[in-house]
Amino acid sequence: MTNDSGARRVRAIFFDLDNCLSAADEAGPVLEPLFEAIRRANDGRYTPEQIAAIIADCWRSPLDYVSAKHGFPESMREAAWAASAAIELPRPMRGYPDLPVLAELPVMRFLVTSGFRRLQTGKIRSMGIGPLFTEIVIDAMDEPVRRGKRGVFEYLMARHGLAPDEVLVVGDNPDSEIEAGNSLGITTVQTLRPGVARGDNAKHHIRGLEELKPLLGLPVR
């Protein structure tokens, strides 16, 4: 399927969840059990300032990325994983106010999120956004087999007969979904939600979902 210029039309969008469709901290101190486990497992290896940096990164990036970035020793890694796997959503979530725009985008929509299955499933259920997506994939860190964002994107394209130039990847993290999309030749869109630092590796930058419409050839309200 092509447009008048011969370029393919966008047929699908792969959305991230945290800091894309909902604020990572919307549920309140949901990650405090993780932070407490990290503090308890620290044997003096990390200074208070380094622990603060680790905690800040946990709000922005998956735990496996944070663990590798900061070089967690095995004891801290195990404690962090055990604490995270047990976290449940403490209160309902609504997501960002512009979520109704999703239903106005006339393409297949996919939700791809990395994290611990219980927590991510709880967020999706609480927000009631499941019916808006053709398929939802949780790349669960507490399960033995993981594809990673790139692997999930490849899986979805193969499963649904999508070419890279028929897809948009929309998310906040330059080192995760944006990098994965770029590596596959997919057009990437970074969501600059409050508190998200602008990356230099996305093709487009938006502050809200309404700004996706021009990328699909749709009028903006």
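We did not get these values from a lab; they are worked out from the coordinates using the rules stated. Just so it is clear, the structure is predicted and the values come from calculations on it, not from any experiment. Note: ideal-geometry Cβ built from the backbone for every residue, glycine included; neighbour counts use all protein chains shown.
Sorted on the mean count of surrounding Cβ atoms within 10 Å across their residues, most packed first, peptides 164-174, 42-52 read 164-174, 42-52. When a/c is below 1.5 the answer is rounded, else prolate if a/b is larger than b/c, else oblate, so apply that to the chain with a ≥ b ≥ c taken from the square roots of the Cα gyration tensor eigenvalues. Cα axes put the chain in the prolate bin.
In this rough spin-label picture, where each label sits 7 Å from Cα along the Cβ direction, the residue 99-residue 218 distance is 1.7 nm.
You can think of it this way: the chain between residue 78 and residue 53 has 7.1 nm of extra reach, that is 0.36 nm per residue less the Cα-Cα gap. What separates the Cα centres of the stretch 146-221 and the stretch 56-115 is a distance of 17 Å. Residues whose amide H comes within less than 5 Å of that of residue 172, counting only those at least five positions distant or on another chain, are 191 (H built at 1.01 Å from N in the peptide plane).
How do 20, 58 line up, fewest other C-beta atoms within 10 Å first? Intermediate results must be reported in sequence, preceding the final value.
On the way: 20 24, 58 20.
With the sparsest Cβ surroundings first, the list reads 58, 20.
Apply the a/c threshold of 1.5 to the C-alpha gyration tensor of the stretch 108-168 and tell me whether it is rounded, prolate or oblate.
Details: a/c = 2.87, a/b = 1.30, b/c = 2.20.
It comes out oblate by the Cα gyration axes.
If you rank 10, 112, 30 by fewest surrounding Cβ atoms within 10 Å, what's the result? Before the final figure, lay out the partial values.
Working: 10 22, 112 26, 30 19.
Neighbour counts put them in this order, fewest first: 30, 10, 112.
Between residue 184 and residue 43, the FRET efficiency estimated from the beta carbon spacing at R0 = 45 angstrom works out to 0.65.
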